[in-house]
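Below is one structure, written out as structure tokens; the observations come after it.
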Amino acid sequence: MKQISLLFSTPSSSPFISSSPFLSFGSSISIFTIPSINPRVTQFLNLNFQFRTMASHVVGYPRMGPKRELKFALESFWDGKSSSEDLEKVAADLRSSIWKQMAEAGIKYIPSNTFSYYDQVLDTTAMLGAVPPRYSWKGGEIGFDVYFPMARGNASVPAMEMTKWFDTNYHYIVPELGPDVKFCYASHKAVNEYKEAKSLGVDTVPVLVGPVSFLLLSKAAKGVEKSFPLLSLIDKILPVYKEVIAELKAAGASWIQFDEPTLVKDLDSHQLRAFTHAYSELESSLSGLNVLIETYFADVPAEAFKTVTALKGVTALGFDLVRGSKTLDLIKSGFPLEKYLFAGVVDGRNIWANDLASSLSTLQAIENIVGKDKLVVSTSCSLLHTAVDLVNETKLDEEIKSWLAFAAQKLVEVNALAKALAGQRDEAFFSANAAARTSRKSSPRVINEAVQKAAASLKGSDHRRATNVSARLEAQQKKLNLPVLPTTTIGSFPQTLELRKVRREYKANKISGEGYVKYITEEISKVVKLQEELDIDVLVHGEPERNDMVEYFGEQLSGFAFTANGWVQSYGSRCVKPPIIYGDVSRPKPMTVFWSSLAQSMSKRPMKGMLTGPVTILNWSFVRDDQPRFETCYQIALAIKDEVEDLEKAGITVIQIDEAALREGLPLRKSEEAFYLNWAVHSFRITNCGVQDTTQIHTHMCYSNFNDIIHSIIDMDADVITIENSRSDEKLLSVFREGVKYGAGIGPGVYDIHSPRIPSAEEIADRISKMLAVLDTNILWVNPDCGLKTRKYTEVNLALSNMVAAAKILRAQLASTK
């Protein structure tokens, strides 16, 4: 008997081809056996069989659009300038273009339900009907009238908590759960979007946040014991997942992707058992479907790997092999032969062009383990965390552009690797990639020997200020003469359309430098006057000259490059345009001294000099990958140190060095945290170790869980820290109730600036009273949660007025008790 292989040349729309995801156009497949035959027949039937896989996959894709179309549509709808139908039309057009773009790029497994009007975790909360009672949802399909208040709050109710998505700059809306939540199928978004794509001729892989990760990323609702076991709700949410799965199957889905990123964290045996239980319960519902469990952002620990590879009913597993390179060792030591492996070798977190030769070598090593027909080339995580399309870039020079790949280019890289793995390597593409990497490595723009030497010399000291914080605060108070419960803001004031237009026109050389300085001076004067009228104690200049708190500094530092349209979603409609750190960093000249000195000359009250700290600049940039991150951070710290000392010389006595992203960079595994915190905190201390005791150093942090790093925050040795507090149900205060002693000044935010809701003076006063129950009067500051850049002046004026009034209420109460 001989096995015969027939060469098929069927259309890609053939039912046979579509039912076998690993067959490409022109594939050959063995279909029957027959007795020995004439050699000429053998030759005719192409017995020299080569099974070709061209399987490629993308975990997710940016939602905002190449020109931030969704951002502008959302904000227009929120402002009442457009209808819900208008918003839905923009969203549908974006989804359609994204699906078609992936199909045209040759991606086999195209995701759906990765689009969101605000956040994918909030979408899952809506799917499960887990709406907190304060939003007065009456049942039925959840619409914008419930969805957006959950995300943003409104005039009568506060928003749900927002926090960082793992170690990224993306923020998710934290589900609020308890034993009394009545889960029900309340949003059919996943099914609707699958059907929508199918109607366009694109068969997609619907993506759901996995049930276990959803619970592990949630928090106990207000009024529920903090120790409430969230995983106890697993059997209450699985029936809803089963309904969704049933509808997807009925709609024709053949694959489904569950994102379970919490598998990369340090999980205990109870948490790991929840995965086994959940997917065992879903097994019968998932029968007939190919099921992909996707993980990302780090290595999968050995016990979690053992758990996930043994899950019942699961067809495929996806791993981040960029940030999780150790997972490759686990794969080599044993991967179930019956499962597919989705290998995330194209970086979804950075914008550097892939090292195609190295990735192909990795894929070939995996292929030898799992088999050619079981391997799919993928991204390391969703491309949500990178910019959209390099084609749109006009600011980058051609050399730097040749070093980069944005989301659209990463689709091409994924497909090129899949084709190369199938024996269809594009030699020209691979050669161009190798040449670009060589160009980057040898470019004189990358290395500055003086900067390298200065950063290397930092290793011999811990760079602490000479005196302790209590002595410094005493010296500062004598100079500043501030009242009890001093008030301040975080830095930025509203940026109007007119202000943004002036900045754009100045950059385009449409207005003169003299005209620009005149306008910005008037804007600063307006902000200073407003703060004095409100009776705020420590002022800011409002940052009207700044487009972004990182980009503004990066534009004035060497080693940075900037994009015209490299926008990345941070939360909701808020997008950031991360700079690209391609080389060694230094400060050619002062960056903020002119504007800070000008603002200080307008008032006798202290004026804060406003800087972004080195760790935040690092974590909110696309960072070079050719040296350790801490080395780049030390270089930035030295540049900021020069600026701090120049501000002090110019007479600025209060300097704020924002480290909003320090917590964000914390590794996802406990074993790696100490190393990161050591160099991150050290970098901050480098920036201000040379100032006088009378110069007050502030820092600011926002929207993260800080309680587990409070001792590192103390070790930063700042004189005052302002920190998010209101949106997280004052979670920060619990650490002080538990006995942590904090001797420096601290300003837990008294109201949430990301919500249009304006709290009353009495509500803010009540918050301050709760703070005073756990913090000493002489160290407490009163301030908002974050900068005011995204708000309107009508909101800001009233909110700050109420904030100052609340501080005065408490001052009067404290004075009466003496």
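The values are calculated or read from the model by the stated rules, or taken from the named source; none is laboratory data. Since this is a predicted model, take the numbers as computed values, not measurements. FYI the Cβ positions are ideal-geometry reconstructions off the backbone, even for glycines, and counts take in every protein chain you see. Heavy atoms of the whole protein, side chains included, go into the accessibility calculation; ligands, DNA and RNA do not. Shrake-Rupley method; radii C 1.70, N 1.55, O 1.52, S 1.80 Å.
How much of the DSSP beta bridge set in region 109-314 is antiparallel, as a percent to the nearest 5?
20 percent
To the nearest 10 degrees, how steeply does helix 407-421 sit against the main Cα axis of the chain, on a 0 to 90 scale?
The angle comes out at about 30 degrees.
My understanding is that a pair violates if its Cα-Cα distance is over 21 Å; which of Lys265/Lys372; Lys71/Lys501; Lys67/Lys410; Lys108/Lys410 do that in this structure? It would help to have the intermediate numbers written out before the result.
Values: Lys265/Lys372 30 Å; Lys71/Lys501 18 Å; Lys67/Lys410 18 Å; Lys108/Lys410 14 Å.
Beyond 21 Å: Lys265/Lys372.
What figure in square angstrom, to the nearest 10, would you give for the accessible area of Ser816 with a 1.4 Å probe?
So the heavy atoms of Ser816 present about 90 Å² to solvent.
Go from 0 up to the bin containing the longest alpha carbon distance in the chain, width 10 Å each, and give me the % of pairs per bin.
The calculated distribution, bin by bin, is 2, 12, 22, 25, 20, 11, 5, 2, 1, 0, 0.
Roughly speaking, to the nearest percent, how much of the chain's 1.4 Å accessible area is carbon and sulfur?
Working: 16580 of 31730 Å².
Looking at the chain in its full context, I get 52 percent from C and S.
Hey, rough spin-label estimate for Ser443 and Glu398, points 7 angstrom out along Cα→Cβ, what's it come to in nanometres?
Once both label points are built, they end up 1.4 nm from each other.
Antiparallel DSSP bridges in the chain: what percent, to the nearest 5?
Values: 16 of 66 bridges.
Restricted to the chain, the bridges split so that about 25 percent are antiparallel.
Using only the C-alpha atoms of region 188-274, find the volume of their convex hull and express it per residue in Å³. Can you show the working numbers first?
Values: hull volume 9.8 nm³, N = 87.
Measuring per residue, one finds 113 Å³ for the Cα hull of region 188-274.
Could you give the Stokes-Einstein D for region 109-314 in µm² per second, using the C-alpha Kirkwood radius, 10 °C, 1.306 mPa s?
Numbers: Rh = 17.5 Å.
The calculation lands on 91 µm²/s.
For region 538-555, what does the Karplus curve 6.51 cos²θ - 1.76 cosθ + 1.60, with θ = phi - 60°, yield as ³J(HN,Hα) per residue in whole Hz, taken in order and with x for Gly and Pro?
Karplus-based 3J(HN,Hα) across region 538-555 equals 10, 8, 10, 8, x, 6, x, 7, 10, 7, 7, 5, 9, 4, 4, 6, x, 5 Hz.
For region 109-314, calculate the relative contact order in percent as a whole number, restricting contacts to Cα pairs under 8 Å that are 6 or more residues apart. Don't skip to the answer; put the middle values down first.
Working: 328 pairs, mean separation 41.8, N = 206.
RCO, region 109-314: 20 percent.
Work out, in µm²/s and without decimals, the Stokes-Einstein translational diffusion coefficient of region 628-675 at 20 °C, 1.002 mPa s, Rh from Kirkwood over C-alpha pairs. Kindly include the intermediate steps, with their values, before the conclusion.
On the way: Rh = 13.0 Å.
D = 165 µm²/s.
Once you compute Rg and the Kirkwood Rh from C-alpha atoms, what is the Rg to Rh ratio for region 125-232? Spell out each step's value before the answer.
Details: Rg = 15.2 Å, Rh = 15.4 Å.
That ratio is 0.99, to two decimals.
Give me the lysines in straight-line cross-link reach of Lys808: C-alpha distance below 28 Å, same-chain residues under 8 apart excluded.
Lys478, Lys479, Lys526, Lys529, Lys604, Lys608, Lys731, Lys741, Lys770, Lys789, Lys792, Lys818
What is the distance in Å between the Cα centres of region 246-308 and region 370-389?
Using only Cα atoms, the two centres lie 18 Å from each other.
With just the Cα atoms defining each centre, how far is region 73-132 from region 155-233? Give it in Å.
Centre-to-centre distance over Cα atoms comes out at 15 Å.
Efficiency by 1/(1 + (r/R0)^6): what FRET value for Ala761 and Lys182, r their Cβ-Cβ distance, R0 = 45 Å, to the nearest 0.05?
Efficiency computed from Cβ-Cβ geometry: 0.80.
Find the Rg to Rh ratio for region 96-183, where Rh is the Kirkwood radius over alpha-carbon pairs and Rg uses the same atoms.
Answer for region 96-183: 1.06.
Starting from the amide H of Ser112, placed 1.01 Å from N in the peptide plane, find each other amide H under 5 Å away whose residue is 5 or more places distant or on another chain.
Here the answer is Val205, Val207, since their amide H atoms fall under 5 Å of that of Ser112.
Please compute the length gained on full extension between Leu200 and Glu225, using 0.36 nm multiplied by the number of residues separating them and subtracting their Cα-Cα distance.
Numbers: separation 25, 0.36 × 25 = 9.00 nm, distance 4.76 nm.
The span from Leu200 to Glu225 would gain 4.2 nm if fully extended.
Could you tell me which of Ala680, Ser112, Ala661 has its Cα farthest along the dipole of the chain towards the positive end, charges placed at Cβ (Lys, Arg +1; Asp, Glu -1), taken about the Cα centre?
The residue sitting most towards the positive pole is Ser112.
At 0.36 nm per residue, minus the direct Cα-Cα distance, what do Thr694 and Ser280 gain on full extension? Give it in nm, one decimal, please. Walk me through the numbers before you get to the answer.
Values: separation 414, 0.36 × 414 = 149.04 nm, distance 6.30 nm.
Using 0.36 nm per residue and subtracting the Cα-Cα distance, I get 142.7 nm.
How high is the relative contact order of region 138-260, in percent, with contacts defined as C-alpha pairs under 8 Å that are six or more residues apart?
Details: 140 pairs, mean separation 32.3, N = 123.
So the answer I get is 26 percent.
Tell me, in nm to one decimal, what length is gained between Lys479 and Asn797 on full extension, where the rule is 0.36 nm per residue of separation less the Cα-Cα distance? Spell out each step's value before the answer.
Values: separation 318, 0.36 × 318 = 114.48 nm, distance 2.88 nm.
Stretched out fully, the Lys479 to Asn797 stretch lengthens by 111.6 nm.
Where does the chain land at 222 nm, in deg cm²/dmol rounded to the nearest 500, when only DSSP H runs of n ≥ 4 count, each adding -39500 (n - 2.57), divided by all residues? It would help to have the intermediate numbers written out before the result.
Details: 29 runs with 338 residues, N = 818.
Roughly -12500 deg cm²/dmol at 222 nm, from the helical runs in the chain.
Roughly how large, in nm² to one decimal, is the mean projection of the convex hull of the alpha-carbon atoms in region 461-607? Let's see the in-between values first.
Details: hull surface 49.4 nm².
If I average the Cα hull's projected area over directions, I get 12.4 nm².
Could you tell me the relative contact order of the chain? Use alpha-carbon pairs under 8 Å, at least six residues apart, and round to a whole percent. Don't jump to the answer; show the numbers that get you there.
Values: 1549 pairs, mean separation 97.2, N = 818.
Value for the chain: 12 percent.
To the nearest 0.05, what FRET efficiency results for Ser83 and Thr521 with a Förster distance of 56 Å applied to their C-beta separation? Could you put the intermediate results ahead of the total?
Numbers: r = 41 Å, r/R0 = 0.73.
So the FRET efficiency works out to roughly 0.85.
Accessible surface of Arg629 in the full protein assembly, 1.4 angstrom probe, to the nearest 10 Å²?
Its accessible surface works out to 90 Å², give or take rounding.
Roll a 1.4 Å probe over the protein chains and send me the accessible area per residue for the chain in Å².
Values: 31730 Å² over 818 residues.
Per-residue value: 39 Å².
For region 755-818, what is the convex hull volume of its Cα atoms per residue in Å³? Intermediate values should be presented prior to the final figure.
Numbers: hull volume 5.5 nm³, N = 64.
Per-residue hull volume (Cα only) is 86 Å³.
Report the normalised scattering of region 321-455 as log10 I(q)/I(0) at q = 0.09, 0.16, 0.21 Å⁻¹, calculated by the Debye formula with identical scatterers on the alpha carbons.
Results for region 321-455 at q = 0.09, 0.16, 0.21 Å⁻¹ read -0.32, -0.88, -1.27.
Relative to the first principal axis of the alpha-carbon coordinates of the chain, what is the inclination of helix 469-480, with its axis defined by its Cα atoms, in degrees from 0 to 90 and to the nearest 10?
Computed tilt is about 50 degrees.
Which whole-angstrom value gives the distance between the alpha carbon centres of region 585-656 and region 672-715?
The two parts, judged by their Cα centres, are 15 Å apart.
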